[in-house]
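Just below is one structure, and these are the notes that go with it.
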Amino acid sequence: MTQTLEQKINKKLEQTFEKLSLNPQYATVKTSDRPDLSDFQCNGALALAKSERKNPREIASQIAAELEQDSSFSKISVDGPGFINLSVSDKLLSDVMEDMSQDERLGCEKTNTPKTVVLDFGAPNVAKDMHVGHLRSAVIGESIQRLERFIGNKVISDTHLGDWGTPMGMIISEIMLAHPEWPFFDDDKKDGFPDSIPYAVEDLTEIYKAANARCKEDEAARQQARIITAKFQDGHPGYRALWQHLRRISVDAVKKNFDALDVHFDLWLGESDAHETCYKIMDLAQEKGASEKDDGAVIIRLGESNKPKPPVILQKTDGGFTYHITDIATIKMRVDDLHADEIIYFTDKRQALHFEQVFEAAEKLGLVKDVKLQHIGFGTVNGPDGKPFKTRDGGVMKLEALIDLSKEKVKESVPTAEDVAKDFGSVEEAQKYIDNLVDEIAIAAIKFQDLKNNTASGYIFEVDDFAKFDGKTGPYIQYAIARINSIMRKAATANIKEGSITITTKEERDLALKLAQLNTIIWRTHNDKEPSIISDYAYTLAQTFSTFYNAASIMNAESPEIVSSRLRLARLTRDVLKLLLYLLGIKAPEVMLKK
RNA sequence: GCGCUCUUAGCUCAGCAGGAUAGAGCAACAGCCUUCUAAGCUGUGGGUCGGGCGUUCGAAUCGCCCAGAGCGCGCCA
């Protein structure tokens, strides 16, 4: 494994600190806040000054003097209260670039301690449309999935389908009202149920809405839904058979949505799959003396006695299981069957308390020894009023509608198949490429718009923003890649090869320094589970490249050596950008056709 | 009532394991296509970091108080 630039510098600093008998814990640099003064800065002297009871500038000067011996640094200075400013030599920088450009992982480290990580995201519900709110979970989860795999962890992703609670009973009940004659509702019938039902997913969402409205108004309907839910969960053959159809129809529709977003899961399990294990949890809780009966429900008390938390309700008064126990049972299954070392949930942060409760209960039941549980709560997608987004008519905007909207916008700036037919041999081929291109750009716009925001904070959903391609957007980065691809094709045609990197201009140097940050960025994203770190870096890297691209010609540089050097730098930039987009779950088109 | 989160440029957001001149994008304004894709580049203007107090050599960043906004709190998931 080759060392990254920052690691090399830190190593040198550590040695220097040790030589001066200073605590090497402070021997770290970061990218300089003052690029006009230096490439990197070390604030260690300031931190040390306190414990050593010395003047920070004195310590800094000592360190600086030691570092002067090293030809790797082109400039060393002590500034302000005791910052050590370091600039690296062009030689060191170009060496690091060479290493990166030759490494298939582009100089990124793999983990030394691979873990099995279960990711729980997406969480669509049976018979409910996917809306913009599902976007965040899916997009963030997919990004972390790709990142964790990239750094060498074993990842198992699971949608955790909402397919079990009272809503199921409500829908079954509603269908029964419409078609009481259907064999599913014959309590005595055990098998031989119809192979299909005449509903599409749109029908199911309508039925659910109707059921929801009915139960809201009518106590009798609510009661009926509860009874049916209980019978259904208890294994009523007809209800179960009908439910299987509902589930399948919904999953098919959901899969289409996720495929469109290039989001993929290893497992399509749901709340229903945890049902049997819930009984085990009930037994376990009793054995451990963790549960108790309260007002007819079975609960686990949480928190310190002086600072109690709301309890976890395992079983309701009517005997039904709650989503608390389903989640606890699911943890048990993930640990026992999947051997999870880590389970990470991506949901709306309004569920933060729920997960705190579930995690604490799992802990009490001894289910998670050496297992790390983490809830990544993200902010809601809000409308201009600051409240969770609704369309003008008060409904939620469907995910499909959003994607179509973005595609329509992309089409406006893409040429027609006829216009470019000659480049593709035929109109059909051209159309195929364009359709795919529109898709990739639209999805990039949507995903980047979401991923550029901090996970924890919500954001104001502006429909127009998802169809904008200027500035800090996904298409901007795709565009930078496409321009490099174009240069590569030209170079190949002219039979010009890339060659060793020499730094000759400020723009080359800035680009190289930016590229050198890759590994640090990847690991910070991993530690924080924060894809916006990658999206931000990808954007600034693309920006740095664009500046470089505009400042001097690559193909028409002063000498063949510089052409080769810049080609390599450009190719490396493209590879890094492609990797970054991949980690964000975004595709990079080879050519960006434009009107 | 208890608890959690947020408040930074006209708008949308970064920055927050304290550090040197608070950054982007959009919008506005002024430039740049006979030269590698202008979905681009260069430049200009724009901020008492919600308010106050404190800790510190140093606070947008840490602590306390206040104001405003959002969210969550035993049988919905």
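Observations on the model:
- Contact order, relative form, for chain A: 14 percent (alpha carbon pairs under 8 Å, 6 or more residues apart, mean separation divided by residue count).
- When the surface is traced with a 1.4 Å probe over the full set of protein chains, A:W523 keeps roughly 60 Å² accessible.
- Cα centroid separation, the stretch A:165-189 to the stretch A:136-154 (Å): 39 Å
- Taking the three principal axes of the alpha carbon atoms in the stretch A:85-156, the coordinate ranges are 61, 27, 25 Å, sorted in descending order.
- Structural size metrics of the stretch A:391-462, computed from C-alpha coordinates, are Rg and Dmax of 15.9, 48 Å.
- For the peptides A:441-450, A:564-573, the ranking by packing is A:441-450, A:564-573, with the highest mean count of neighbouring Cβ atoms within 10 Å listed first.
- Solvent-accessible area of A:V381 with every protein chain in place, 1.4 Å probe, in Å² to the nearest 10: 10 Å²
- Rg and Dmax of the stretch A:166-260, Cα atoms only, in Å: 13.4, 43
- The long axis of helix A:275-287 is offset from the longest Cα principal axis of chain A by roughly 90 degrees.
- Its residue count N sets the reference 2.2 N^0.38 Å, and the alpha-carbon radius of gyration of the stretch A:125-175 equals 1.57 times that reference.
- Using just its DSSP H runs of length 4 or more, each adding -39500 (n - 2.57), chain A gives a mean residue ellipticity at 222 nm of -17000 deg cm²/dmol after division by all residues.
- Links that overshoot a 29 Å alpha carbon limit, given the list A:K411/A:K578; A:K209/A:K309; A:K91/A:K472; A:K91/A:K578; A:K30/A:K407: A:K209/A:K309; A:K91/A:K472; A:K30/A:K407
- Degrees, to the nearest 10: A:506-515 long Cα axis against longest axis of chain A: 40 degrees
- Legend: calculated FRET efficiency, A:T547 to A:D470, from the Cβ-Cβ distance at R0 = 22 Å, rounded to 0.05, equals 0.85.
- Per-q log10 I(q)/I(0), the stretch A:1-62, q = 0.25 Å⁻¹ (Debye; single scatterer per alpha-carbon; no solvent): -1.09
- Net charge of Cβ neighbours under 13 Å - reference A:S413; Lys, Arg +1; Asp, Glu -1: +2
- Surrounding net charge for A:G82, when Lys and Arg each add one and Asp and Glu each subtract one, Cβ distance under 11 Å: 0
- Each residue was assigned an accessible area with a 1.4 Å probe, and for A:E412 the value is about 110 Å².
- Heavy-atom accessible area order for A:L242, A:L353, largest first, 1.4 Å probe: A:L353, A:L242
- Inter-centroid distance (Cα atoms) of the stretch A:9-46 relative to the stretch A:245-276, Å: 50 Å
- Within the same chain, lysines fewer than 8 places from A:K115 are excluded, and of the rest, those with a Cα less than 18 Å from its Cα are A:K154, A:K332, A:K369, A:K372, A:K529.
- Environment charge at A:Y549 (Cβ cut-off 10 Å; Lys +1, Arg +1, Asp -1, Glu -1): +1
- Computed from Cα positions, the angle between helix A:518-528 and the longest principal axis of chain A comes to roughly 30 degrees.
- The distance separating the Cα centre of the stretch A:412-430 from that of the stretch A:527-595 comes to 26 Å.
- Estimated D of chain A in µm² per second, where Rh is the Kirkwood radius over Cα pairs and Stokes-Einstein applies at 25 °C, 0.890 mPa s: 89 µm²/s
- Ordered by 1.4 Å accessible area with all protein chains kept, A:Y549, A:Y345, A:Y476 run largest first as A:Y549, A:Y476, A:Y345.
The values are calculated or read from the model by the stated rules, or taken from the named source; none is laboratory data. Model, not experiment: these values are computed from the prediction. Quick reminder, even Gly has a Cβ in these numbers, built from the backbone with ideal geometry, and neighbours come from all protein chains shown. Note: areas computed on protein heavy atoms with side chains; ligands, DNA, RNA excluded. Shrake-Rupley method; radii C 1.70, N 1.55, O 1.52, S 1.80 Å.
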